[in-house]
Amino acid sequence: MRHADSRGQTKAGARTLTKISLFVDKAQLRLAILQQLRAELDLQAGAAAMARDEATSEESRAENKWDTHSQEAAYLAEGQAKLAAEIGTSMEVYSSLPLPAFAGDAPIAVGAIVELEANGKRACYFIGPRAGGLELAVAGRSLLVLTPSSPLGGQLLGKHAGDVVPSPGRGGRGTQQIVAVS
């Protein structure tokens, strides 16, 4: 249970947290996400085109019935084209994603920036609908995009500043405290 005192501090169990602002402009965050997705899209589109050219090249023509080089290149081109389409869809979603400001006591949801602390170390995350795993630097802060389907992202949804969540991948031995939500 959390209680706010007159100085804007929140008590969570035996710890007292000072509410802080994460100082990350969400418009800049969206721009950084879109720029990184654009770079990945360009990379994947180029790789798909190269694989497609390789699959249709005269030099890749099968020399015998066991030669599958052109078929493998065609599968690779198809996979890279699908990945490029996924990135394009992510770009569309982020272009129109509402990025609300979260009050200090608001539950964590998609669009929130969350700061966690574990063993004296802090980390910032953005809860996004897609493109989990993107690492971004915005306004001098490092952020990692989490999706609700990720272990940590799923644990954070609905939680509040001051709550404690288990550290994923630690066999239930570690915990992280939610320091701030914006």
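The values are calculated or read from the model by the stated rules, or taken from the named source; none is laboratory data. Worth saying up front: this structure is predicted, and the values here are computed from it rather than measured. Backbone-built Cβ (ideal geometry, glycine too); neighbour counts: all protein chains shown.
Here Ile87 fulfils each of the conditions (1) surrounded by fewer than 18 Cβ atoms within 10 Å (Cβ to Cβ); (2) under 30 Å from Met50 (Cβ atoms); (3) among the β-branched types (Val, Ile, Thr) apart from (1). Check region 116-127 and report whether any residue there is buried (at least 17 other Cβ atoms within 10 Å of the Cβ), within 25 Å of Leu43 (Cβ to Cβ) and aliphatic (A, V, I, L, M). Scanning region 116-127 turns up no residue that is buried (at least 17 other Cβ atoms within 10 Å of the Cβ), within 25 Å of Leu43 (Cβ to Cβ) and aliphatic (A, V, I, L, M).
Across region 94-104, the qualifying residues are those that are exposed (fewer than 14 other Cβ atoms within 10 Å of the Cβ) and more than 14 Å from Arg38 (Cβ to Cβ), and the one among them that is farthest from the chain's Cα centre (by Cα) is Ala103. With the requirement that a residue be over 11 Å from Ala131 (Cα atoms) and hydroxyl-bearing (Ser, Thr, Tyr), what does region 80-103 give you? Correct list: Ser95, Ser96. Consider Glu63 carefully, then state whether it is of a type in the set (Asp, Glu), at pLDDT below 95 and surrounded by fewer than 15 Cβ atoms within 10 Å (Cβ to Cβ). Spelling it out, Glu63 is indeed of a type in the set (Asp, Glu), at pLDDT below 95 and surrounded by fewer than 15 Cβ atoms within 10 Å (Cβ to Cβ). Are any residues in region 134-165 in contact with a Ser or Thr (Cβ under 8 Å, 6 or more places away or on another chain), surrounded by fewer than 18 Cβ atoms within 10 Å (Cβ to Cβ) and within 26 Å of Thr89 (Cα to Cα), and if so, which ones? Glu135 - this is the single residue of region 134-165 that is in contact with a Ser or Thr (Cβ under 8 Å, 6 or more places away or on another chain), surrounded by fewer than 18 Cβ atoms within 10 Å (Cβ to Cβ) and within 26 Å of Thr89 (Cα to Cα).
Are there any strands (runs of 3 or more DSSP E) wholly within region 99-182 with 1 or more residues that are more than 17 Å from Gln28 (Cα to Cα) and touching a residue at least 12 places away in the same chain (Cβ under 8 Å), and if so which? Step through it out loud before you land on a result.
On the way: elements: 113-118, 121-127, 135-138, 141-146, 164-166, 175-181.
Hits in region 99-182: 113-118, 121-127, 141-146, 164-166, 175-181.
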